[in-house]
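Colleague: Handing you this structure, nothing more for now.
The values are calculated or read from the model by the stated rules, or taken from the named source; none is laboratory data. If you're wondering where the values come from, they're calculated on a predicted model, not measured in any experiment. Note: ideal-geometry Cβ built from the backbone for every residue, glycine included; neighbour counts use all protein chains shown.
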Amino acid sequence: MTSGAKTKPVPNGKVSASADQRERYLRDLRLSLTDRCNLRCQYCMPEDIFGERFRFTQRKDLLTPEQLVLLARTFVELGVEKIRLTGGEPLLRPELIEIIAAIRNVSAELDLALTTNGLQLPPRASALYRAGLDRVNISLDGINADVASKMAGRKINPGQILEAAEAARSAGLGVKLNAVIKKGVNDSEIIPLAHACRERGFVLRFIEYMDVGSVNGWSPSDVVSGKQIRETLNVFSDLTALSPINPSDVARSYRYEDNGLEVGFIESVSRPFCGGCTRARISATGELFTCLFSQSGTPLKPLLSQPERLRAHLAQRWQARDDHYSELRGTSAGSMIRHEEMWRLGG
Ligand code: SAM
Ligand code: SF4
Ligand code: SF4
């Protein structure tokens, strides 16, 4: 399917990047600030592979704050309306507050969010908000400490993560919780997680376990589908599907009928959403990925000293994009693809 070079005006008054080969416009950017992490989630960075001796990217090879801001500005000029800071664990990036403040300076309208495991959030929540962050998504895969720790690959205290979520909300940040469910490991936590979020009024989003990367040993039989999770949640109340606010939203939103609270499902495996995928990703070392399941990225560092060439290159890469891996999963075309790791390309 070829679109020609359709362009669309964007709110900043410029003309956005052309639509890609599947008529999708560039609207979201995930910017990775580091590949390091203080957890070893078994579905992302399994401890047996990423042990004490594993060498992450050296600091000198990470994008600098100035380079990150240049990329943010260029993507906004090309039509990006939402930037999510991620990693690895973005709270491990020492210049995080400075980076957020500088990206906020690029555009007051930008929706600026961060995904975190929450471990280091409470003391920094107010500073993040004051710097211009709008929202945080906090990952937590169980309320039972043993199960959550098993998923996280390190001993964690889920009560403390819930307190971190409360601290972020009190600081003024929008808060959602994310939980990956893996069959036979933490499916027992669906109800406790939902209960904890319902009690506190947090939107919880269940993420289907994905075959991202190549080291987590993913198998289709490990996946608990969004549909199965919704059936489990029926013990609380009926769920009503909500219409998407934005067609590019990754989560399908539902409402508990008894209390009106929203709950979301990211169903990349059972109900792929490639058709509305308007996201690009930049790794902490400055590589562009146009799909979470890309085999490799395009290095952007050589272009960072030439903003006009950078802008033209990004627009051209977006226009050439034809990614739709989740629609190919399980087919012979999908099985040929070896993916980059999520913690490396920015989850
Ligand atoms: N460290 C931060 C965190 O965990 O929130 C940000 C980076 S992490 C890669 C971003 C999100 O990706 C987390 O919500 C995590 O649960 C999710 N994730 C990682 N590996 C996954 C997998 N194989 N399947 C589904 N979600 C995954
Ligand atoms: Fe770290 Fe996030 Fe990956 Fe867990 S999911 S290992 S917290 S980067
Ligand atoms: Fe987007 Fe790739 Fe995921 Fe499809 S598989 S929704 S194109 S990131």
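Colleague: Mind telling me which of the residues 143, 156, 138, 229 ends up being at pLDDT 95 or above, part of a helix (DSSP H, G or I) and of a type in the set (A, V, I, L, M, F, W, C)?
Modeller: 229
Colleague: Among the numbered conditions (1) free of Cβ contacts under 8 Å to residues at least 24 places away in the same chain; (2) under 14 Å from residue 39 (Cα atoms), tell me where residue 117 comes up short.
Modeller: Only one criterion in (1) free of Cβ contacts under 8 Å to residues at least 24 places away in the same chain; (2) under 14 Å from residue 39 (Cα atoms) is unmet by residue 117, namely (1).
Colleague: Just to be sure, is residue 276 at pLDDT 95 or above, out of contact with any helix residue (DSSP H, G or I) (no Cβ under 8 Å at 6 or more places or on another chain) and among the small types (Gly, Ala, Ser)?
Modeller: So residue 276 fails the test.
Colleague: OK, next. Step by step: first the residues of segment 235-276, then only those that are within 16 Å of ligand 1 (Cβ to nearest atom), of a type in the set (Gly, Ala, Ser) and surrounded by 17 or more Cβ atoms within 10 Å (Cβ to Cβ), then the one that is nearest to residue 194 (Cα to Cα). Which residue is that?
Modeller: 264
Colleague: Turning to a different aspect of this structure: Which of the residues belonging to segment 290-306 are out of contact with any strand residue (DSSP E or B) (no Cβ under 7 Å at 6 or more places or on another chain), modelled with pLDDT of 95 or more and surrounded by 14 or more Cβ atoms within 10 Å (Cβ to Cβ)?
Modeller: Listed by number, the residues that qualify are 303, 304.
Colleague: Just checking, how many residues over segment 272-287 are within 11 Å of residue 23 (Cα to Cα) and of a type in the set (Gly, Ala, Ser)?
Modeller: Of the residues in that region, 2 qualify.
Colleague: Next question, about the same structure. Given the options 116, 64, name the one that is farther than 29 Å from residue 159 by Cα and hydroxyl-bearing (Ser, Thr, Tyr).
Modeller: 64
Colleague: Please determine, by comparing only the residues of segment 75-94 that are among the basic types (Lys, Arg) and free of Cβ contacts under 8 Å to residues at least 60 places away in the same chain, which one is nearest to residue 24 (Cα to Cα).
Modeller: Among them, the one singled out is 82.
Colleague: Look through 101, 108, 72 and report the one residue that is free of Cβ contacts under 8 Å to residues at least 12 places away in the same chain and either touching a His at 6+ places or on another chain (Cβ under 6 Å) or among the aliphatic types (A, V, I, L, M) (or both).
Modeller: The conditions single out 108.
Colleague: While we're here: Quick check on segment 248-256. Is at least one of its residues closer than 25 Å to residue 202 by Cα, modelled with pLDDT of 95 or more, more than 14 Å from ligand 3 (Cβ to nearest atom) and of a type in the set (Lys, Arg)?
Modeller: Within segment 248-256 (the criterion being closer than 25 Å to residue 202 by Cα, modelled with pLDDT of 95 or more, more than 14 Å from ligand 3 (Cβ to nearest atom) and of a type in the set (Lys, Arg)), the answer is yes, since at least one residue qualifies.
Colleague: Given the conditions (1) under 20 Å from residue 46 (Cα atoms); (2) crowded, with 19+ Cβ neighbours inside 10 Å, which single one is not true for residue 206?
Modeller: Residue 206 satisfies every listed condition except (1).
Colleague: Could you tell me which of the residues 266, 282 is over 28 Å from residue 77 (Cα atoms), within 16 Å of ligand 2 (Cβ to nearest atom) and either modelled with pLDDT of 95 or more or not polar (S, T, N, Q) (or both)?
Modeller: Answer to the check: 266.
Colleague: Taking segment 74-105, which residues are more than 12 Å from ligand 2 (Cβ to nearest atom), surrounded by fewer than 21 Cβ atoms within 10 Å (Cβ to Cβ) and not charged (D, E, K, R)?
Modeller: 94, 97, 101, 102, 105, listed by residue number.
Colleague: Which residues, counting only those in segment 184-194, are surrounded by 15 or more Cβ atoms within 10 Å (Cβ to Cβ) and not hydrophobic (A, V, I, L, M, F, W, C)?
Modeller: Result: 186, 187, 189, 192.
Colleague: Can you pull out every residue in segment 125-169 that is surrounded by 15 or more Cβ atoms within 10 Å (Cβ to Cβ), more than 16 Å from ligand 2 (Cβ to nearest atom) and among the basic types (Lys, Arg)?
Modeller: 135, 169 - these are the residues of segment 125-169 that are surrounded by 15 or more Cβ atoms within 10 Å (Cβ to Cβ), more than 16 Å from ligand 2 (Cβ to nearest atom) and among the basic types (Lys, Arg).
Colleague: Write out, first by first residue and then by second, each pair whose Cβ atoms fall under 7 Å of each other, whose residues are 6+ apart or on separate chains, and whose first residue, in segment 37-58, is in a loop (DSSP other than H, G, I, E, B) while the second is within 16 Å of ligand 3 (Cβ to nearest atom).
Modeller: 37/343; 43/180; 43/209; 44/342; 44/343; 45/343
Colleague: Right, something else. Select from segment 157-197 the residues that are touching a strand residue (DSSP E or B) at 6+ places or on another chain (Cβ under 9 Å) and of a type in the set (S, T, N, Q) and write down the one among them that is nearest to ligand 1 (Cβ to nearest atom).
Modeller: The initial filter retains those residues of segment 157-197 that are touching a strand residue (DSSP E or B) at 6+ places or on another chain (Cβ under 9 Å), namely 161-162, 164-166, 168-169, 173-183, 186-187, 189-190, 193-194, 196-197.
From what is left, the residues that are of a type in the set (S, T, N, Q) are 178, 186.
Working: 178: 4, 186: 11 Å.
The selected residue is 178.
Colleague: Residues of segment 253-287 being within 19 Å of residue 80 (Cβ to Cβ) and in a strand (DSSP E or B), which ones?
Modeller: 279, 280, 281, 282, 287 - these are the residues of segment 253-287 that are within 19 Å of residue 80 (Cβ to Cβ) and in a strand (DSSP E or B).
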